[in-house]
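Worksheet: the structure to be examined is printed underneath.
The values are calculated or read from the model by the stated rules, or taken from the named source; none is laboratory data. Every value quoted in this text rests on a predicted model; they were computed, and no experiment measured them. Here the Cβ positions follow ideal geometry from the backbone for every residue, glycine too, while neighbour counts run over all protein chains shown. Accessible surface areas use protein heavy atoms only, side chains included; no ligands, DNA or RNA. Shrake-Rupley method; radii C 1.70, N 1.55, O 1.52, S 1.80 Å.
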Amino acid sequence: MLTRLSAVLVLMLAGLTGTAHAVPPPPPNPSDSEISASRAEADAKAARVGELTGRLTQAESRLQELFDDVSFKREQANKARVDLETAISEAEAARREASAARVQADAASAAVEQSRRELDEFAAASYAQGTTVGSFSAYIGAKSPEDLLARAQMLEAVSASSLNRLDQVTRDQGTAANLDAAARAALQKAESKQAAADEAKKAAEQAQQVAVDAHNAQAAATSELQSNKDAVERELAAARGEVNGLEAQRQQYDQWVEAKKREDEENARRAAAAAAAAAAPAPAPQRPIVAAPSGGGVQTVINRALAQRGVIYAWGGGNYNGPTYGVRDGGVADSYGDYRKIGFDCSGLMMYAFAGVGVYLPHYSGYQYNSGRKVPLSQMAPGDMIFWGPGGGTHVALYLGGGMMVEAPHSGAVVRISPVRYGGIMPYVTRML
């Protein structure tokens, strides 16, 4: 039994040793014409890859432009909403003032009527008693010249007093009527302004819808382009493999004699390198450097914004007290269900951050851009607001320092720290503190 087992082991060892030292068969040796044809085909595929890559770059650039346009139109809708709320408040105040002026005018008219009635009653009573002013009968029955003079003076004094009072209340009525007319004119102007603001809101919402529709159409095209891009990348990989394939075969053939030795040496080197790489500790992740801002107020603003990291984006969401439900936009935000989420949009996050130091910004990035002092982009400091788009109306973020910012970026994302993006950025930042 032992002898047989030893024999089997000897045969196995001999077989393994022979396999290890056997020279592999030579690889294929492609002809020069085959290599040339392969290179020409690879060059043609590389040109095609370059063409498709250029088209994809243009398409992605257009998609970004449409996304920026949607963001701008959203903020314009925010502006129109704020303006309409202001116009409604002004119109309500004008209505209250007009109502008060109407009450004053009515009271003055009533006073005039009362004075006229009293004057009429005096004249009637004087007539009934035979003492009508200017009438001869008022003086009949006088017993002496002194009595006659006394009657005349009394009647003149009473009638003059009544007429003077009537003149005064008539003047008061004129003043009240003027106030009433001015109040009604102010009310008409306020209601006209409210109507204009309402029309502007509708126009902004319509423009937003047009932008959303264009973005959605481009998004569908982008999905198809993404599929094409995947195919292009596979085509590029195949082209690179093909351009090198035959050359690799030729090189293997030329080095056939030493192929096995080099293969063993290379495998040993790679194994050692892999073992060393596996044993080496992974490098520590780099954290973004956020410069410490000067001033407690700036730090409070930054801390309030950073404390909201991870809060969901909700278009139209956020106020001075924190995150709120989003607002319907009829397009992209609705497709993400922003109106059902409690979170921030870009300008809402700024409202909350600066409210901590008593600065109350409007809920529109374009208005926020003009709320403080303009500072050149090259001089921006922590706590400054950074803006994108015409008039700052596309997006706003808070600069942290070290080339980093905190922002509520877009639907489907969360409040986060990001590197400053310079594409489409405004040349000035806004400094509030």
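Some observations on this one:
- Any hit, the stretch 206-223, residues being surrounded by fewer than 15 Cβ atoms within 10 Å (Cβ to Cβ), among the charged types (D, E, K, R), modelled with pLDDT of 75 or more and assigned to a helix (DSSP H, G or I): yes
- Qualifying residue in the stretch 187-196 (condition: at pLDDT below 90, assigned to a helix (DSSP H, G or I) and open to solvent by 60 Å² or more (accessible area, probe 1.4 Å)): no
- Test result for Gly389, at positive phi and out of contact with any strand residue (DSSP E or B) (no Cβ under 8 Å at 6 or more places or on another chain): no
- Selection from the stretch 224-264 of residues that are of a type in the set (Gly, Ala, Ser) and modelled with pLDDT of 80 or more: Ser227, Ala231, Ala237, Ala238, Ala239, Gly241, Gly245
- Filtered by the rule that a residue be over 18 Å from Gln218 (Cα atoms), open to solvent by 60 Å² or more (accessible area, probe 1.4 Å) and in contact (Cβ under 8 Å) with a residue 12 or more places away in the chain, the stretch 44-69 gives a lone residue, Arg48.
- Consider the stretch 175-186 and keep the residues that are in contact (Cβ under 8 Å) with a residue 12 or more places away in the chain and of a type outside the set (A, V, I, L, M, F, W, C). The one that is surrounded by the most Cβ atoms within 10 Å (Cβ to Cβ) is Asp180.
- Among residues of the stretch 70-93, those that are open to solvent by less than 50 Å² (accessible area, probe 1.4 Å) and within 16 Å of Cys346 (Cα to Cα), counted: 9
- Residues of the stretch 316-354 satisfying the condition of being within 20 Å of Val70 (Cβ to Cβ) and aromatic (Phe, Trp, Tyr): Tyr336, Tyr339, Phe344
- Sole exception among (1) surrounded by 14 or more Cβ atoms within 10 Å (Cβ to Cβ); (2) touching a helix residue (DSSP H, G or I) at 6+ places or on another chain (Cβ under 7 Å) for Glu247, by number: (1)
- Test: Glu199 is acidic (Asp, Glu), free of Cβ contacts under 8 Å to residues at least 12 places away in the same chain, within 30 Å of Phe72 (Cα to Cα) and surrounded by 12 or more Cβ atoms within 10 Å (Cβ to Cβ): yes
- Taking the stretch 396-410 as the range and being open to solvent by 10 Å² or more (accessible area, probe 1.4 Å) and either under 14 Å from the mean Cα position of the chain (by Cα) or of a type in the set (Asp, Glu) (or both) as the test, the residues that pass are Pro409, His410.
- Residue within the stretch 151-168 that is modelled with pLDDT of 80 or more and within 60 Å of the chain's Cα centre (by Cα) present: yes
- Once the stretch 341-379 is narrowed to residues that are of a type in the set (Gly, Ala, Ser) and within 16 Å of the chain's Cα centre (by Cα), the residue that is most open to solvent (accessible area, probe 1.4 Å) is Ser371.
- Any hit, the stretch 286-298, residues being surrounded by fewer than 18 Cβ atoms within 10 Å (Cβ to Cβ), at pLDDT below 95 and on the phi > 0 side of the Ramachandran plot: yes
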